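Visitor: Pasting in a structure now, in structure tokens, and then I'll have a few things to ask.
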Amino acid sequence: MLTFVEWPYILAITLAVGVVIFALRHRITRILGMRGVQPLDVMVLVLWWSMSALAFQTWMHAGIVNLWIMFFLWGMALILLQAFIGGHFEVRRFLKSWWIIIKWATMLAYLVVVILVLVVNK
């Protein structure tokens, strides 16, 4: 999990990877072969690593598993919402909606963890 890297360097690595991904976004989408992939979709994996490493170094607890359980429960709720309220279930619409929820929840959780780490390690 690269916990031997100090937390300021983790933030710098995450920022550097984000800049590279945003700068090379057209090449990344061609390499992956998907036109609908956006840079934030790729950054979710980097944010999970960074969030886990920051939380582990600060509180000795990597909260990423709790985040994944929350995503699973949101997925189940979305399935029930589409099936019972909408009357039909479409896998493509479900996956697109679920990934949007995961992406924005990850970014929000990352911002909260970074702010808390900065406050704790002042």
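Nothing in this text is a laboratory measurement; each read-out follows from the coordinates by a stated rule. Here the structure is a predicted model, which means the values were calculated and not measured. Please note: Cβ atoms are built from the backbone with ideal geometry, for glycine as well, and neighbour counts cover all protein chains shown.
Visitor: What does the charge count around Lys103 come to, taking other residues whose C-beta lies under 12 Å from its C-beta (Lys +1, Arg +1, Asp -1, Glu -1)?
Guide: Working: positive: Lys96; negative: Asp41.
For residues surrounding Lys103, the net value is 0.
Visitor: Excluding Pro39 itself, what net charge comes from residues whose Cβ is under 15 Å from its Cβ, given Lys and Arg +1 and Asp and Glu -1? Walk me through the intermediate numbers first.
Guide: Working: positive: Arg25, Arg27, Arg30, Arg35, Lys103; negative: Asp41.
In short, +4.
Visitor: Moving on. Explain nothing, just compute: Karplus ³J(HN,Hα) = 6.51 cos²θ - 1.76 cosθ + 1.60, θ = phi - 60°, for every residue of segment 38-47 in order, whole Hz, x for Gly and Pro.
Guide: My calculation for segment 38-47 gives 10, x, 5, 5, 6, 5, 4, 5, 5, 5 Hz in order.
Visitor: Determine the dipole magnitude for the chain: charges of +1 sit on the beta-carbon of Lys and Arg, -1 on that of Asp and Glu, nothing else is charged, the reference point is the Cα centre, and the result goes in debye to the nearest 20.
Guide: Details: 9 positive and 3 negative charges, 90 e Å.
It comes to approximately 440 debye.
Visitor: Per the Debye formula with a single identical scatterer at each Cα and no solvent contribution, what log10 I(q)/I(0) holds for segment 4-122 at q = 0.14, 0.15, 0.17 Å⁻¹?
Guide: Summing over Cα pairs of segment 4-122 leads to -0.70, -0.78, -0.93.
Visitor: Another question, if that's okay. Add -39500 (n - 2.57) for each DSSP H run of 4 or more in the chain, then divide by its residues: what number comes out at 222 nm, to the nearest 500 deg cm²/dmol?
Guide: Details: 5 runs with 93 residues, N = 122.
After summing the helix terms and dividing by residue count, I get -26000 deg cm²/dmol.
Visitor: Is segment 78-122 rounded, prolate or oblate when judged by the Cα gyration tensor, a ≥ b ≥ c being the square roots of its eigenvalues, rounded requiring a/c under 1.5 and prolate requiring a/b larger than b/c?
Guide: prolate
Visitor: If each residue of separation counts as 0.36 nm, what is the full-extension length gain between Phe22 and Trp59 once their alpha-carbon separation is subtracted?
Guide: Details: separation 37, 0.36 × 37 = 13.32 nm, distance 3.06 nm.
Contour length minus the Cα-Cα distance gives 10.3 nm.
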